[in-house]
Structure formats: C-alpha cells, structure tokens
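Notes to accompany the following structure.
The values are calculated or read from the model by the stated rules, or taken from the named source; none is laboratory data. Note that the structure is predicted; figures quoted are calculated from it, not measured. Quick reminder, even Gly has a Cβ in these numbers, built from the backbone with ideal geometry, and neighbours come from all protein chains shown. Please note that ligands, DNA and RNA were not included when accessible areas were found on the heavy atoms of the full protein model with its side chains. Shrake-Rupley method; radii C 1.70, N 1.55, O 1.52, S 1.80 Å.
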Amino acid sequence: MHVFVTGGTGLIGSAVVAELLGNGHTVLALARSDASALALRAAGAETLRGDLADLNALRAGAAKADGVIHLAFGNDFSSADAVALTVAEESAALAALGEVLADSGHPFVTVSGTPYVAGRVSTEADPLPTDGLVGGRGRAVTAVLGMASHGVRSTAVRMPRTVHNEGKGGFAGMLTEIARRTRVSGYPGDGTQRWPAVHAFDAAVLFRLALELAPAGTSWHAVADEGDAVRDIAAVIGRRLGLPVEAVPQESYGPLGPIFAIDQPSSSTHTREALGWEPTHPSLLGDLECIQP
Ligand SMILES: NC(=O)c1ccc[n+]([C@@H]2O[C@H](COP(=O)([O-])OP(=O)(O)OC[C@H]3O[C@@H](n4cnc5c(N)ncnc54)[C@H](OP(=O)(O)O)[C@@H]3O)[C@@H](O)[C@H]2O)c1
C-alpha cells in the first residue's frame, strides 16, 4: 500500500515508517520543516510539506494514498488552554482526512490512548473518555471510528501511557526530564498506581497490522506491560541518575498531575488473539536502564 503518514518523525512515527517500508509498503509523509523532510527522505519516505493546520495539504496527502496513519500531535501540555488548542487542531485535521477517505474503503488508522476504568484493567471494549483535559481527543477518535459507516476502514490503535525507546518517551520520559531538572526522581501519590507501557518498535508492528487487517470501527491496545507501579519507574530513573526517589505533590506536575495520579493498567489480550500481535522488545523497566546520567 502507498500510505500517507502524519507524525512520521516522532518517537512512534519513525518506527512506523521503518516498519511499513520494511514490509513492502511505500510512505508519503507529512513534513512541517526542512529538517523533518530531510529525516523522512533519509528514512526512505516521500514527503509532502505542510502541518496539521494545513487542511489542504492533509486532503492532498490522503487523496494520493491507499491508506492513512495519523500520529502527529503538538504535545503542548504547558496549560489547559494550550492542550485545548492542540486538541482542536488535531480534531480538525482528523475530520479533513476523513472527508477525503469517505466511500473509499481505505484504512484510516489513528492513534489514541488506552482508557482508564476505575477498579479494573481496561480492555479494547471500553469506550474512550470524552470529558476532562484530553476528552476532546476521545471525541475526535470516536468520530473517526464512526466513519466506518461512511465507507472508511477506520481503526484506532490505543497507546499506553509510556511508549518508549532507549529509555526515552511517554510519561516515564517526562518523569526522567523532571528528575534531571529538579534533582529528585519524584512520583505523585503513593506511587502504587500503575501505568501500562510498550516499546515503540512493538507499537509500530501493531500500526502495520491494523492498517493491513483491522475491520472498520475497531480499537486495539498496543500494551506490552499491563501496568508498572510508578514508584518502580521512579526507582530505576533515580538509580540511573544518582538521585533520591521521593513522593512529590501531584500539583507540581501541572495539568498532567491528576492523570499521573490514576491507577490505569490496561490489557491487550484481545489484540494479541485477534491480530496475532506479540511484543518482542524490552519492557519499560528494562529499557529505562538505557538512561545515562
Ligand atoms: N510516546 C508516548 O508514550 C505516547 C503515549 C500515548 C499516546 N501517544 C500519542 O502518539 C502520537 C505520537 O507520539 P510520539 O511520542 O511519537 O510523538 P513525538 O515523538 O512528540 O512526535 C510528534 C510528531 O508529530 C509531529 N507534529 C507535531 N506537531 C505537528 C503539527 N502541528 N503539524 C504536523 N506535524 C506535527 C512532529 O513533527 P516534527 O518532527 O516536525 O516536530 C513529530 O513527527 C501522539 O498523538 C501522542 O499523543 C504517545
């Protein structure tokens, strides 16, 4: 397939581009800068200049392809207003891509997050939250899945809280950056809350399988580790950086604090059984050993 990819230079997207090219697909990748275009061409992709706000570029990319994988996101969590703007930009981009794909039967794979369900491990059958800080993302992904009734083979690959590679990425990567800055490897709450995780290379395989195989309107969990206790994550970060490991107030994490504090384990049993996906790369706690002081 010729696949239009957004976010192809990111932690996950660069792994997805390599996975697609290594398995007989070709890639047309959205590039918003010269540096990103250079990196994408070096990886073996064709490029299309534009960003998520450039809806005409997105429509042109989708029209030229046999399928779309969407991964670009601004990742501005500095304030609730910043998050709202980034979510609104992504929602408009997803709607524009969907308009072009209507009645094509083409796959439209979008990224999402694993949901939180109070008191138990979440599964692929649980709905996404549509309220709260990132509820707008849940509404946008739900709208993409609804495109199944308009001739789009739409599907969502849900990411756990930490997608990692060489010890970097996701919520655990944020804890590492905060530890470097504050000289304390902190965790919110009592640290027993669990976050799921996956290696970026394993997540990339699931994006390819979803593109190739997923029925319209389905959701999948790229979960390798069902849930690592946050104080275990902080303990590895502290040991690698030579810093004390301590509980810190949830408020010090800004808008992400309440999300960081939740116990949110997640399962991928259905994904493994239905798509034959099996993670093979290091677990989060193993991969964090790559952190250098
Ligand atoms: N990493 C995780 O642990 C994790 C967990 C859950 C969900 N996710 C989701 O998975 C997706 C990919 O995550 P990631 O970790 O791979 O992200 P990342 O490493 O931060 O990469 C972000 C990608 O989006 C592109 N991008 C950002 N803003 C853009 C804009 N306005 N227009 C066009 N492109 C833009 C970037 O392009 P440039 O290279 O040009 O900057 C880059 O390719 C995101 O939706 C993220 O929320 C990630």
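Tabulated data
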quantity: Order by protection proxy (mean Cβ within 10 Å, highest first), peptides 264-277, 57-70; calculated: 57-70, 264-277
quantity: Mean Kyte hydropathy of -0.5 or more with a Cα span along the axis of at least 27 Å, helices from DSSP in the chain; calculated: 80-101
quantity: Heavy atoms of MET174: accessible area, 1.4 Å probe, square angstrom to 10; calculated: 50
quantity: Among LEU175, LEU97, LEU241, residue whose mean-square fluctuation peaks in a GNM of the chain (springs only between Cα atoms under 10 Å); calculated: LEU241
quantity: Kirkwood hydrodynamic radius of the range 1-58, Cα pairs, Å; calculated: 11.0
quantity: When the convex hull of its Cα atoms is projected in every direction, mean area for the range 36-97 (nm²); calculated: 4.7
quantity: 5 Å-binned pair-distance histogram of the range 46-172 (Cα, whole percent); calculated: 2, 10, 19, 22, 20, 16, 8, 3, 1, 0
quantity: Share of carbon and sulfur in the accessible heavy-atom surface of the chain [1.4 Å probe, %]; calculated: 53
quantity: Ratio Rg/Rh, restricted to the chain and using Cα atoms, in which Rh is the Kirkwood radius; calculated: 0.96
quantity: DSSP beta bridges in the chain [antiparallel fraction, %, rounded to 5]; calculated: 10
quantity: Per residue solvent-accessible surface (Å²) - the range 1-137, probe of 1.4 Å; calculated: 43
quantity: Cα-only radius of gyration and Dmax that characterise the range 1-116, units Å; calculated: 13.8, 42
quantity: Among ALA18, ALA93, ALA102, residue whose mean-square fluctuation peaks in a GNM of the chain (springs only between Cα atoms under 10 Å); calculated: ALA102
quantity: Principal axis box of the range 138-212, alpha-carbon based, largest edge first, Å; calculated: 52, 25, 22
quantity: Three principal axis lengths of the range 139-293 [C-alpha, angstrom, descending]; calculated: 53, 31, 22
quantity: Sorted largest first, extent of the range 150-190 alpha carbons per principal axis (Å); calculated: 52, 25, 13
quantity: Which of HIS281, HIS2, HIS150 is most accessible, then next, and so on - probe 1.4 Å; calculated: HIS150, HIS281, HIS2
quantity: q = 0.11, 0.14, 0.15 Å⁻¹: log10 I(q)/I(0) that the Debye formula gives for the range 210-293, counting C-alpha atoms only; calculated: -0.46, -0.69, -0.76
quantity: Kirkwood-Stokes translational diffusion coefficient of the range 66-120, alpha-carbon pairs, 10 °C, 1.306 mPa s, µm²/s; calculated: 120
quantity: Lys/Arg +1, Asp/Glu -1 at C-beta; the chain dipole; positive extreme among LEU58, VAL121, ALA31; calculated: ALA31
